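A.B. asks: I have a structure I would like to understand better, so I am pasting it below and will then ask my questions one at a time.
The values are calculated or read from the model by the stated rules, or taken from the named source; none is laboratory data. Note that the structure is a prediction, hence the values are computed from the model and not measured. Reconstructed Cβ throughout: ideal geometry from the backbone, glycine too, with neighbour counts over all protein chains shown.
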Amino acid sequence: MGAGLWMNFMSIPEKHKEGAKKRYKCAILTISTSKYWKKEKGEEHIGDESGEIARELVTKSGHKVVYYDVIPDREDKIYEGISKALSSDAEFVITSGGTGLTKSDITIEVVSKFMDKAMPGFGELFRLKSYEEVGTAAVLSRAIGGVINQKAIFCLPGSPEAVRLALKEIIMPEIAHIMKHVRE
């Protein structure tokens, strides 16, 4: 392949991002019954490391967190939390927790009911990148991405390292491109 053709091929992803807004508003939801009860009791430190990492990485990337909450692993509370996040002025939503295989892991089932479109490539890429770090344990994650009412949503595992991986390696580098297409 000639150098000129290769250079044009390599710039294609950047061309897709042209015209995309660079700063967005984000909602963050931590889905954890144990952290929720600590919050409800008024405990000063609820131990939401994943939520803190998400907030830090979103803001370091130049975006603004406009909504944050900790909710329990209950269908009605997840539904309520997602509804509030979507009705805020957030343009994309990050959830952490409830994506595993236990009985209480119902985030995917609840959020899937809201979705207008799934973004299967997000979950596939997340599991591929997770495999590089945790090996075959990556199959335990049901992380998903999608679109609800022209807002992107990403449901991540509750692990701080999983949140860091998803945000640093996938979501933050691609959010402008994703949002450009979500709004078309």
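A.B. asks: Can you find a residue that is of a type in the set (S, T, N, Q), in contact (Cβ under 8 Å) with a residue 24 or more places away in the chain and at negative phi anywhere in region 89-98? Don't jump to the end; show me each part of the working.
C.D. replies: Narrowing region 89-98 to residues of a type in the set (S, T, N, Q): 95-96.
Add one more test, that the residue is in contact (Cβ under 8 Å) with a residue 24 or more places away in the chain, and what stays is 95-96.
Imposing the further condition that a residue be at negative phi reduces the set to 95-96.
Within region 89-98, one or more residues are of a type in the set (S, T, N, Q), in contact (Cβ under 8 Å) with a residue 24 or more places away in the chain and at negative phi.
A.B. asks: Now, a different point. It is to be established whether one or more residues within region 30-40 are buried (at least 20 other Cβ atoms within 10 Å of the Cβ), in a strand (DSSP E or B) and either of a type in the set (Lys, Arg) or touching a Pro at 6+ places or on another chain (Cβ under 9 Å) (or both). Steps first, answer last, please.
C.D. replies: Of the residues in region 30-40, the ones buried (at least 20 other Cβ atoms within 10 Å of the Cβ) are 30-32, 35-36.
Applying the additional criterion that residues be in a strand (DSSP E or B) yields 30-31.
So of that shortlist, the ones also either of a type in the set (Lys, Arg) or touching a Pro at 6+ places or on another chain (Cβ under 9 Å) (or both) come out as 31.
For region 30-40, residues buried (at least 20 other Cβ atoms within 10 Å of the Cβ), in a strand (DSSP E or B) and either of a type in the set (Lys, Arg) or touching a Pro at 6+ places or on another chain (Cβ under 9 Å) (or both): present.
A.B. asks: Looking at 176, 118, 138 in this structure, which one is farther than 28 Å from residue 39 by Cα, surrounded by 16 or more Cβ atoms within 10 Å (Cβ to Cβ) and without any contact (Cβ under 8 Å) to a residue 40 or more places away in the chain?
C.D. replies: Working: 176 fails: without any contact (Cβ under 8 Å) to a residue 40 or more places away in the chain; 118 fails: surrounded by 16 or more Cβ atoms within 10 Å (Cβ to Cβ).
Going through 176, 118, 138 in turn, the sole match is 138.
A.B. asks: Scan (1) in contact with a Phe, Trp or Tyr (Cβ under 6 Å, 6 or more places away or on another chain); (2) hydrophobic (A, V, I, L, M, F, W, C); (3) not in a loop (DSSP other than H, G, I, E, B) for the single condition residue 90 breaks and write down its number.
C.D. replies: So residue 90 meets the others, but not (3).
A.B. asks: Suppose we filter region 129-184 for residues that are assigned to a helix (DSSP H, G or I), of a type in the set (Asp, Glu) and more than 23 Å from residue 48 (Cα to Cα); how many remain? Walk me through it before giving the result.
C.D. replies: Just the residues of region 129-184 that are assigned to a helix (DSSP H, G or I), to begin with: 129-140, 160-182.
Remaining after also requiring of a type in the set (Asp, Glu): 132-133, 161, 169, 174.
From the residues that got through so far, the ones that are more than 23 Å from residue 48 (Cα to Cα) too are 132, 174.
Result for region 129-184: 2.
A.B. asks: Are any residues in region 45-62 of a type outside the set (A, V, I, L, M) and in contact with a Ser or Thr (Cβ under 7 Å, 6 or more places away or on another chain), and if so, which ones?
C.D. replies: Narrowing region 45-62 to residues of a type outside the set (A, V, I, L, M): 45, 47-52, 55-56, 59-62.
Scanning region 45-62 gives 48, 50, 51.
Residue-by-condition table, conditions (1) farther than 20 Å from residue 24 by Cβ; (2) charged (D, E, K, R); (3) in a helix (DSSP H, G or I); (4) at pLDDT 95 or above:
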| site | (1), (2), (3), (4) |
| --- | --- |
| 47 | yes, no, no, no |
| 52 | no, yes, yes, yes |
| 55 | no, yes, yes, yes |
| 58 | no, no, yes, yes |
| 62 | no, no, no, yes |
| 65 | no, no, no, yes |
| 70 | yes, no, no, yes |
| 76 | yes, yes, yes, yes |
| 84 | no, yes, yes, yes |
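A.B. asks: Looking at (1) without any contact (Cβ under 8 Å) to a residue 12 or more places away in the chain; (2) within 27 Å of residue 184 (Cβ to Cβ); (3) more than 16 Å from the chain's Cα centre (by Cα), can you tell me which one residue 102 breaks?
C.D. replies: The single condition residue 102 does not satisfy is (2).
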